[in-house]
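J.: One structure, as structure tokens, below. Some questions next.
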Amino acid sequence: MSQKKFWVWKNRADEDYEDDVGKEQETDTPDDPEPETQERVLELYGTIAEESWFDDDITPAMFREELFSGNGPVTVWINSPGGDCIAASQIYTMLMDYKGDVTVKIDGIAASAASVIAMAGTKVLMSPTAMMMIHNPATIAMGDHEDMQKAIEMLDEVKESIINAYEIKSGQSRAKISHLMDAETWMNANKAVELGFADGVLEDEKLKDVIVPAYAFSRKNMQAELMNKISAKAKRIAPAVAKPAAPAKASAVRPETVKAAPEAKSESAGRSVDELKERLETIKNYI
């Protein structure tokens, strides 16, 4: 009876190829092209070393064989509470040694040892609702004070090795990472990105084509748009205000009764340019 694995490999290119072949079988098209591996998907769902890692001949060797059996980019989905830090170190090292790009996507939680594996990603993305947790390593020890002291020294060294992975990915100082581990730090997606443990937040593919104007909530752009509208209106009004009055006919009006055309605004023209400028300055003070 084979042991249960907490990882599952999927080959998207092969799946797509099988679907296409199934649809085209009725056409009897000769020389179907061979499937080209474009992306392989690795799902790490489960507790690391809960069952699989008791037999070293099966799990580490099998994982390496499956990982290096192909090439091209690999996407690693993680939802794991952690587990054996040595097993996590093996997976981390294998992914780091892999020649292709490794994109890590955390859809649930990457805690403890699973967070170490996540650090092997060329790019680490988290769901907006995902969590990452880092803490100090733990063990069970029994014996006298010398045995306890050896256990403490061992845990110190294990912690330093874990900090190596966090430091390489995040760029944070070892002292800060150590404090974060001491406090058992839980990070949401935004906090993980802020601290450098992740590179970004997973986006909704359905909304990738939706264009949201960058100026929608920009105060400066709103002010500029308002000024442009008022300026355009002022340009339309200015010619009407500056237009001279039509000359009176000599036969109808006597010269002494002709009065100069008023410089004031006409009823059809609305407000004068000076009034509009004054109003604009007032508006700008409240924007």
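J.: Once phi is turned into ³J(HN,Hα) by the Karplus curve 6.51 cos²θ - 1.76 cosθ + 1.60 with θ = phi - 60°, what whole-Hz value does each residue of region 197-204 show in order, with x for glycine and proline?
T.: 6, 9, 9, x, 10, 4, 9, 7
J.: While we're here: Which FRET efficiency value, to the nearest 0.05, is calculated for Glu184 and Ile86 with the Förster distance at 22 angstrom and r the Cβ-Cβ distance?
T.: Taking R0 as 22 Å, the efficiency between Glu184 and Ile86 is 0.60.
J.: Right, something else. By count of other Cβ within 10 Å, fewest leading, how are Arg40, Arg64, Arg236 ordered?
T.: Fewest-to-most Cβ neighbours within 10 Å comes out as Arg236, Arg64, Arg40.
J.: A follow-up question, please. Using the number of other C-beta atoms within 10 angstrom as an exposure proxy, rank Thr93, Thr282 with the fewest first.
T.: Ascending Cβ contact count within 10 Å gives the list Thr282, Thr93.
J.: While we're here: Quick one: which residues, 5 or more positions from Ala111 or on another chain, have an amide H under 5 Å from its amide H? H modelled 1.01 Å from N in the peptide plane, none for Pro or chain starts.
T.: Those qualifying (amide H under 5 Å, at least 5 residues apart or on another chain) are Ser80, Gly82, Met133.
J.: When the chain is fully extended, how far beyond the present Cα-Cα distance does Glu157 get from Asp97, taking 0.36 nm per residue of separation?
T.: Extra length available between Glu157 and Asp97 comes to 19.3 nm.
J.: Shifting gears a bit: So how do Tyr98, Tyr45 line up by other beta-carbon neighbours within 10 Å, fewest first?
T.: Fewest-to-most ranking of Tyr98, Tyr45: Tyr45, Tyr98.
J.: Once label points are set 7 Å from the Cα along Cα→Cβ at both Glu65 and Glu278, what is their separation, rounded to one decimal in nm?
T.: Placing both labels 7 Å along Cα→Cβ, they lie 9.0 nm apart.
Read the figures in this text as sums done on the coordinates, not as results from a lab. In this text the structure is predicted, and so the values were computed from the model without any measurement. So basically every Cβ, Gly included, is an ideal-geometry build from the backbone, and we count neighbours across all protein chains shown.
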